[in-house]
Amino acid sequence: MNTLHKLKKDISEAINVLTGQEISPANLTLTPTKKEFEGDYTLLVFPLSRYFGKRPEETAEIIGDYLKNNYDIIDNYNVIKGFLNLGFSKDYWLYALKEMTGTQDYGKGEHKSKKVMVEYSSPNTNKPLHLGHIRNILLGWSVSQILEKAGYEVVKTQIVNDRGIAICKSMLAWQKWGDGVTPESSGKKGDFLVGDFYVLFDKKFNEEYQEWQKTDEAKKIFEENNEKLTEEQFFKKYKNEYFNSHSVLGAEAREMLLNWEKKVPEVMKLWEMMNGWVLQGFEETFEKLGVYFDKSYFESNTYQLGKDIVDEGLEKSVFYKENDGSVWIDLEDINMDKKIVLRSDGTSVYITQDMGTADLRFKDFGTEKMIYVVGDEQEYHFKVLFEIMKRLKRPYADDMYHLSYGMVELPTGKMKSREGKVVDADDLIAEVILEAEKSAKERGELENTTEEERAAIYEKIGMAALKFFILKVNPKRRMIFNPEESVDLQGQTGPYIQNAYVRIKSIIRKTGKLEIKDFSDYAGINEYEKSLISSLSDYPELIQQAAEELEPSAIANFAYDLAKKYHKFYSEVRVLGAETEAAKNFRIALSNMVANILRDSMELLGIRMPERM
RNA sequence: GGUUCCGUAGCUCAGCUGGAUAGAGCAUCAGAUUUCUAAUCUGACGGUCACAGGUUCGAAUCCUGUCGGGAUCACCA
């Protein structure tokens, strides 16, 4: 199907004829020839020479000679050391382009039987989404898109952490000091409003803690427990303990959590109201990011799940019970610790819930492959979870992945919501769009457009800059995010790729209506054109690989590379003013194909293309 | 301390299923526009691929160790 694949198959056949050896095409190394050398593709002959019993140079000569004489697409060859550089006939290139342009949904993989669940974005409903969530959401969305393109059926889910002590802090602060304020009355977006109360709680709590530190009780505790810390260091460490055993506010927050668990109507009402505000706010942010979920799970519904699995695990002796009633799994045989799965008081821990949720999803959708897009601080947790599901012999257990990504930090250090030291998602989005607008106005290319069209274009450009900036890097890398740099619009950026697309669209507009006409007479194919076709040929394989490795950055780098090649082509070669009619037809067809693949690949990153910019 | 991820140009990153002289962008400097959108293109400057061994015809890539940084090792979520 793919022309490169076919070539590998041809070579494999040739080797078979020449030596009788069976070599799978997948084991051949065939790469585009480096530009310092003559040729289009290079076959590495070193590993093959032993089958021929000759030196690499001689082996390369034999293979090259055979290919040239027996296959039409090989026009010429040369040998340098163990490298066999093959030159393709012009017909090969024309045929390759023709084949691509004639393929429906080029790059789409064959249908895969396994359904995949991708979980991404696990927000807490006590504060707005921030930069860290953006990385998570963009990764999850992009991976979902890539998997779909590769041929999988994908179910996109999120789990919303809408219960727990942190949420109670926001609720309590609103109750005590909120004075009945609502998003409507304050004109503030719901998630931001609730986040303010979360910060306020922390402020009030700190004040309370400071006061307490002056009491005799505090001094006594310091004297008794401290070994070699200063007072300041000690109390910094003691903060959590203070919250749990001395703090008035802490006691109130914990009481609220208990009342929530007992479903006390007054608390439930407050919780539903404030959660509603936050979720509405999230919805707006998701929309701006251009993402959605097929199904949202809420922790308030799922936090009790998994207890029956604990029973099942005890029965199957996967778990064991301690004397105090707590239930554990022993993973020391695989070099991990013992891990608790149910508390002594019979309540769930985090992992209990995750066990239950996995089963629930399998029941809901039959997803046999599950991908969790979650920060790398939870690597250990997921290792344990996956191991448990394996030992419980779940049908999906062998296909669970944790797509872990590194933390996003600011140049000033880690983000801390409680201290208000964050980059909020909404603010960042607004900033990049504004930056795109400024830049576009300076250029002044958009004079004949309506205000609405312009706004849409600014948004596409700004979001492209942001998304590309985040997705082009390997997820595993910890990233230090400088808000100023992220809005760069030149160089290796989203807008650079959009610009290549826009240039093509501009050319096509000038031809009136897009028509792909016959170009089989085109004889003067040049290196820029070959290199574009060669990139385009790689696309289907790239999709499969990116899906296999859950690697959006591979797509991002491909799109950049293709755009770069097009810009180069554009500056060297005329399309509309081509030398001959055939050349013009060919270049229009090629340009249009490049535009399609640029749009298609950027779509996989959640980036949309403007028609002009 | 155990486990694990990361370390490539001043900065941000590609390349990692071993292949030719390690590539981009940003920044700095110098150029390109009567002709398809200059958010572009060309050139210059910039490297002990953290370090040391090993495997190999060949190592940024694989193995071992060391150093530096992050994460994690809760009856928290």
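The values are calculated or read from the model by the stated rules, or taken from the named source; none is laboratory data. Here the structure is a predicted model, which is why all the values come from computation and not from measurement. FYI the Cβ positions are ideal-geometry reconstructions off the backbone, even for glycines, and counts take in every protein chain you see. The accessibility values were calculated without ligands, DNA or RNA, using every heavy atom of the protein model including side chains. Shrake-Rupley method; radii C 1.70, N 1.55, O 1.52, S 1.80 Å.
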Any idea what the dipole of chain A comes to, in debye rounded to 20, about its Cα centre with Lys/Arg Cβ at +1 and Asp/Glu Cβ at -1? 760 debye
Treat every Asp and Glu Cβ in region A:165-292 as -1 and every Lys and Arg Cβ as +1, leave all other atoms uncharged, and give the resulting dipole magnitude about the Cα centre to the nearest 20 debye. 100 debye
Dividing the Cα convex hull volume of chain A by residue count, how many Å³ per residue is that? 221 Å³
So for each of A:170-179, A:504-513 I average, over its residues, the number of other beta carbons within 10 Å; can you give me the resulting order with the highest mean first? A:170-179, A:504-513
Please list, by residue number, every one of the GluC sites (Glu not before Pro) in region A:1-48 that is coil in DSSP and has at most 16 other beta-carbon atoms within 10 Å. A:Glu22, A:Glu36, A:Glu38
Efficiency of FRET between A:Asp333 and A:Glu184 - r from beta-carbon atoms, R0 41 angstrom, step 0.05: 0.10
Of the candidates A:Val575, A:Pro395, A:Leu446, the farthest towards the positive dipole end of chain A (Lys/Arg Cβ +1, Asp/Glu Cβ -1, centred on the Cα centre) is A:Val575
Can you tell me how much longer the chain between A:Glu611 and A:Glu13 gets when fully stretched, taken as 0.36 nm per residue apart minus their C-alpha distance, in nm with one decimal? 210.7 nm
Students often get this wrong: which residues of region A:161-186 have the backbone nitrogen under 19 Å from the point 7 angstrom along Cα-to-C-beta of A:Met273? A:163-164, A:167-186
A:Tyr292 and A:Lys262 label points (each 7 Å along its Cα→Cβ direction) are spaced in nm at 4.2 nm
Using a Förster distance of 30 Å, how high is the FRET efficiency between A:Lys114 and A:Ser344, based on the Cβ-Cβ distance and rounded to 0.05? 0.15
At what distance in nm do the modelled label points of A:Glu207 and A:Asn482 sit from each other, each positioned 7 Å from its Cα along Cα→Cβ? 3.9 nm
Quantify, in whole percent, the carbon and sulfur part of the accessible surface of chain A (1.4 Å probe; protein heavy atoms only). 47 percent
With Cβ to Cβ distances under 11 Å as the rule, what net charge do the other residues near A:Gly306 carry (K, R +1; D, E -1)? -4
Length released on extending from A:Asp216 to A:Ile165, taking residue separation times 0.36 nm less the Cα-Cα span: 15.5 nm
Among the trypsin sites (Lys or Arg not before Pro) within region A:219-274, which fall in a DSSP loop and have no more than 10 other Cβ atoms within 10 Å of their own Cβ? A:Lys228, A:Lys262, A:Lys263
In the neighbourhood of A:Glu266 defined by beta carbon distances under 13 Å, the net charge of the other residues (Lys, Arg +1; Asp, Glu -1) is +1
Value of relative contact order over chain A, rounded to a whole percent, pairs C-alpha under 8 Å and six or more apart: 15 percent
Can you give me the solvent accessible area of A:Asp561 with a 1.4 Å probe, rounded to the nearest 10 Å²? 60 Å²
Starting from the amide H of A:Lys115, placed 1.01 Å from N in the peptide plane, find each other amide H under 5 Å away whose residue is 5 or more places distant or on another chain. A:Glu368, A:Lys369
So what is the relative contact order for region A:3-88, in percent, with contacts set as C-alpha pairs under 8 Å and at least six apart? 27 percent
Out of A:Asn244, A:Val264, A:Gly290 - ranked by how far each Cα lies towards the positive end of the dipole of region A:165-292, with unit charges on the beta-carbon of charged residues - the top one is A:Gly290
Would you please give the FRET efficiency between A:Ala456 and A:Leu44, computed as 1/(1 + (r/R0)^6) with r the Cβ-Cβ distance and R0 = 51 Å, to the nearest 0.05? 0.60
Charge dipole (chain A, unit charges on Cβ, about Cα centre) - positive-most of A:Gln545, A:Val154, A:Ala589: A:Ala589
Quick one: if you stick a label point 7 Å off each Cα along the C-beta vector at A:Asn240 and A:Lys81, how many nm between them? 5.6 nm
For A:Glu284 and A:Asp324, compute 0.36 nm times the residue count separating them, minus their Cα-Cα distance, and round to one decimal in nm. 9.7 nm
Count neighbours as other Cβ atoms within 10 Å of each site's Cβ, and list the chymotrypsin sites (Phe, Trp or Tyr not before Pro) in region A:244-322 that are DSSP loop with at most 12 such neighbours. A:Tyr292
With every protein chain present, what is the per residue accessible area of region A:250-390 (1.4 Å probe, Å²)? 50 Å²
Percentage of interatomic Cα-Cα distances in region A:224-320 larger than 23 Å: 61 percent
Just to confirm the number: angle between the C-alpha axis of helix A:451-471 and the first principal axis of chain A, 0 to 90 degrees, nearest 10? 90 degrees
Under 10 Å, Cβ to Cβ, from A:Val278 - net charge with Lys/Arg +1 and Asp/Glu -1: -1
